[in-house]
Amino acid sequence: MTTPPRLAVRWLERRLNPDERQDLVGDLTEQFHARVARHGRRAAARWFWRESLALAWGFSWRRRDVVSAAHERVRVRWFLSNAAMDWRHAWRALRASRGSAISAMLTLTVTLGLATSLFSVTNGLLLRPLPYPAPDRLVRLAEAEIDRSPYATSFAPVMPESGGRLSDVAIGLFASATTITHLTPYSLVGRAVTTAAGTEQRVCAEVGVGFFELLGLQPERGRLFIAADAGADAAPTVVLSETFWRDVLESRDDIVGTTLVIDQVPHMIAGVADGSPRFPEADIDLWIAGRWRWPSPGARRNFSMWLPAIARLAPGATVEDASQEARQVGAMIAAATPGLADGTDVAVPVFRIRPLQDDLAQPVRPALVALGAAMSLVLIVAAVSLVNLLLARSTARHREMAVRLTLGAGRWRITRPLLFEQILIAGAGGLGGSLLALWILRVMPAFAPGDLSGLADVRFDTASFLFVSAVALTLGIGVGLLPAWQLPAGSLRDLSPAGRAMIGRRVVSAEAARRALVTVQVALAVVLLVGAGLLARTMWTLSRVDPGFEGEHAVTVKIGLPELIFREPERQSGFFDQVLTRLAQHPDVIAAGASSTLPLNPVGMSGSFTIEGRPRPATPEEFPRANKVAVTAGYLQAVGTPILEGRGFSDEDTAAAERVAIIDESLARRYFPGEQPIGQRIEYLREMRRIVGIARAIKQRGLTEQDDPVIYFPSAQMPAVMAFNRLTGGIAVRTSGDPLAVVPFIRTAVREADATVPVHAVASLGDRLRDTYSSQRFYALILGMFAVLAVVVSVLGVYGVLAYAVERRQAEFGLRRALGGDERHILGLVLRQVAVLIAVGAVAGSIIAGLGAGLLRSLLFGVDALDPATFSAAVTLVACVGLLAASVPAWRAMRVDPARTLRAD
Amino acid sequence: MPREGMGEIEHFVLAALLRLDGESYGVPILEEIATRTERAVSRPSVYIALRRLESKGLVTSRLGEATPERGGRAKRYFRLTRAGARQLEQTRLAFERMWQGLTPASRRTAR
């Protein structure tokens, strides 16, 4: 005997009540069998399925209200039409109060946008863990400070990132440490890398062979470093970054095991690193297996290379344990090194161990704190004005709510349109806010100063957005629903004059709240204005600082001379002679020269010297100190640094001629006060040199920094190893037109002299100068925008509060007028309110600004953080704009027609 | 005078029960309505009408015997109550009164 489709039966039975199963399924089955006989099994099965579905569907729907299925339909339709009505109601209410609705949406947009980007930035830059296994166990080890003994720093190559360098002596000792493992030195270097595309300067990191193992990274292709790569007789080995492999070598598969020419030395390509370890910097192209020689303890450190290092804490060890051990290592070095104790040669190294995460975030932190503080202020201003607007909207609705309650509407019924209204506002605000945040995060990196370059990696943080939205929604809906819940159960009393007075009292308390909120806004506007003002003054001062060179019409390029090839002085000077001769032939070129240190670069060499005829200082600290810069004859003219006295260098200052030097005015002031330095001789590197000129002081480290004394030497009179520094040195060219227009010519000239020497860091000197105060510009821009925003918002607040107050007191003003009060009296009444509000806000704002100004101090230049002029200007501006905003409602109050207002009640 | 009449399906179900000697179960009721009205009736609406009529007291029901062709499931027999019969009669009379005096010609104009 055939049975109905078992699946259909089971499915149907699941959907029916137990008491329905028997007869319904039974009936179906009975009919099924009849149909099998008549139409065949397959047709019957199809029929059974169809009927089962119809039965389950129809039954489950209608069974709920057996008494009246029609009733159910009505209920649904009623609910839907009510909802539609509520939406329409909400929409109409929004349109009716368009102004405040739009302000609320915009305010919400600003609030959400700013808060989301702020949290995204904080999350992205400060809180995000490093993308390596157990990131909290990674530490950086560096020398805390290098003592200023005369020879200690003389030949240490200066690296772009400061923060101390670890002596390689110490690395040898740390290798046996118990609290840290995998100690790996690293250094950031620029190298000339030759590929099919030509020779280019690339950012490379020389790292210990344990580097990748320490960070827990895997190869994408080939292998990473192995211990043998560090061996003295091993071939130079390199690991490519994924980006370099993809962009420069076009993802070629056969790359592993081939060679890559770096600084004209073939390096074996071991493999490609997976992803991109963003260490020590984000855009490393190559990692070269470091092959530092480790002098034994006791060797003089003078000519050693000093490196920072990273390591992993041993299991169970803390940062404090490691620091403790580092101090012992320092003591060991001191004990093993003769001459350390008397302080004449080198100082006892002090090691600093810090979590890598903190160390990387460290330089960004103060800037982010300032940025965060400014954003938080705007956020508060926006949030306050949001609450304010919603309060205003809700007080305006009291009467409507009272009427609707009285007419018998339920609480939920009158709440619903309000809720929908808030949802509409919040929805629009949320959408706007997320768009604003996306925009901010996209635009901000373009303005961000160099130390905030990590901003480019910050992504929209959805979690932050959801969190901020939830807070804003709760707040918005809470305040928005107030009018529906504030009123007592519906009674006509609310519409009677007495009831209105009662509403009035409630309105008054809301008024007081609004007033307080506007005061807060005024205060914060003052704070932001003070910040913006201080930075504006800083910018103004900076624009008037003489950098000591002429930035416009000058271009500088760095030259990556491979040290190995250009070790001989003749080869190096030959190269520069050829390039500079070629450059001089260009019609636009006024002057060209080479220097071991271009302006606005870290100084390659600094150290002590002595002045002929003066007693030799007793202690290292008392030696005169100066930065030492080797230049060619045309260099000072090329950067536009004038010779104030004496003469500049010329082609006659050759290696065979008398040793000469030019000092800058800062050195002259400090070491030759009241004397004529020209003609005197100084001793440097055991050679006497005659001072032939005094040059204007250059702001080598940026406009905000103090001048360091500088001695210029003719490059022909310096040993080659010191005459040029590939990290900081290069060529400067002064032109009659656009300086960047001669860059192709410079490149050609360099290529003609030596095709393997890369040119990099091409920039007009003016742009480089502007880059040095990009932080100030960035914060001035941001604070300026924020301040404008805050002032606008608080002015709107002042206006709103006053306009409403005037509206509410129409009757009172009318009465006063009728009783003979004159216009000025009424004007006084109104303006007094505003004056109090602004005065309190301004005082509070000045106090907050005074307390918070310290945050800005590191960015300020030429202006005190508590500059009274800026403070009073900010207060005056806010007061004037506030009074201006108040004048409109005040005018309206004056014009109240007594007859009309008296009739109205 | 009863305040409420019956829906069409309820009317059909009661009439079918009457035709089936006052007591029957789902399958004959469905078939009776289908053959008599020459319409496809929706199965759920018939069952729902039966339950609704039961809740109004117009029919009563009891579980009957199980048969093999029903897969061993019991039938539910519905029986017309006296109130049900009276309601059906009233509805019939109401219809008849409504139709009284209407000629085929007037029926055409109604169209």
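The values are calculated or read from the model by the stated rules, or taken from the named source; none is laboratory data. As the structure is a computational prediction, the values presented were derived from the model and not from experiment. Every residue, glycine among them, receives a Cβ derived from its backbone with ideal geometry; neighbour counts consider all protein chains shown.
When B:42, B:55 are checked against the criterion of being in contact with a Gly (Cβ under 7 Å, 6 or more places away or on another chain) and not aromatic (Phe, Trp, Tyr), a single residue qualifies: B:42. Considering only residues in the stretch B:52-63 that are assigned to a strand (DSSP E or B) and more than 9 Å from chain A (Cβ to nearest Cβ), the one that is farthest from residue B:7 (Cα to Cα) turns out to be B:62.
So which of B:26, B:72 ends up being surrounded by fewer than 12 Cβ atoms within 10 Å (Cβ to Cβ), within 9 Å of another protein chain (Cβ to nearest Cβ) and not basic (Lys, Arg)?
Going through B:26, B:72 in turn, the sole match is B:72.
Is it the case that residue B:82 is within 14 Å of chain A (Cβ to nearest Cβ), without any contact (Cβ under 8 Å) to a residue 12 or more places away in the chain and charged (D, E, K, R)? No; evaluated as a whole, the condition is false for this residue. Of the helices (runs of 4 or more DSSP H) lying entirely inside the stretch A:764-821, those carrying at least 1 residues that are of a type in the set (Ser, Thr, Tyr) are A:765-772, A:774-808. Summed over the stretch B:34-51, residues that are among the charged types (D, E, K, R), more than 12 Å from the chain's Cα centre (by Cα) and either under 10 Å from residue B:10 (Cβ atoms) or part of a helix (DSSP H, G or I) (or both) total 1. Looking at this structure, is residue B:103 surrounded by fewer than 13 Cβ atoms within 10 Å (Cβ to Cβ), more than 13 Å from every other protein chain (Cβ to nearest Cβ), over 25 Å from residue A:20 (Cα atoms) and among the β-branched types (Val, Ile, Thr)? Yes, satisfied. Of all residues in the stretch A:35-62, exactly one satisfies the criterion of being more than 14 Å from residue A:12 (Cα to Cα) and within 8 Å of chain B (Cβ to nearest Cβ), namely A:62.
The set of residues from the stretch A:779-815 being surrounded by fewer than 20 Cβ atoms within 10 Å (Cβ to Cβ) and not aliphatic (A, V, I, L, M) comprises A:784, A:799, A:804, A:807, A:808, A:809, A:810, A:812.
Taken over the stretch A:854-868, the criterion of being touching a residue at least 40 places away in the same chain (Cβ under 8 Å) and either among the hydroxyl-bearing types (Ser, Thr, Tyr) or in a helix (DSSP H, G or I) (or both) is satisfied by A:855, A:856, A:858, A:859.
Would you check which residues across the stretch B:5-22 are of a type outside the set (A, V, I, L, M, F, W, C) and within 14 Å of chain A (Cβ to nearest Cβ) and list them?
B:5, B:7, B:8, B:10
All told, residue B:66 falls short of being surrounded by fewer than 20 Cβ atoms within 10 Å (Cβ to Cβ) and either more than 11 Å from chain A (Cβ to nearest Cβ) or in contact with a Leu (Cβ under 6 Å, 6 or more places away or on another chain) (or both). Hey, can you tell me all the residues within the stretch A:658-710 that are small (Gly, Ala, Ser) and at negative phi? Across the stretch A:658-710, the qualifying residues are A:661, A:666, A:668, A:693, A:695, A:697. Does residue A:594 meet the test of being out of contact with any helix residue (DSSP H, G or I) (no Cβ under 7 Å at 6 or more places or on another chain) and either at pLDDT 90 or above or of a type in the set (Val, Ile, Thr) (or both)? Considered against the rule, which asks whether it is out of contact with any helix residue (DSSP H, G or I) (no Cβ under 7 Å at 6 or more places or on another chain) and either at pLDDT 90 or above or of a type in the set (Val, Ile, Thr) (or both), residue A:594 comes out as no.
Close contacts from the stretch A:4-23, counting a first residue that is within 10 Å of another protein chain (Cβ to nearest Cβ) and a second that is surrounded by fewer than 18 Cβ atoms within 10 Å (Cβ to Cβ) and of a type in the set (Gly, Ala, Ser), with Cβ to Cβ under 7 Å and a gap of 6+ residues or different chains, come to A:22/B:74; A:23/B:74.
If a residue counts only when it is of a type in the set (A, V, I, L, M) and crowded, with 18+ Cβ neighbours inside 10 Å, which strands (runs of 3 or more DSSP E) contained entirely in the stretch A:651-750 have at least 2 such residues?
Because the criterion is at least 2 residues that are of a type in the set (A, V, I, L, M) and crowded, with 18+ Cβ neighbours inside 10 Å, the strands (runs of 3 or more DSSP E) in the stretch A:651-750 that meet it are A:660-664, A:687-695, A:710-714, A:730-735.
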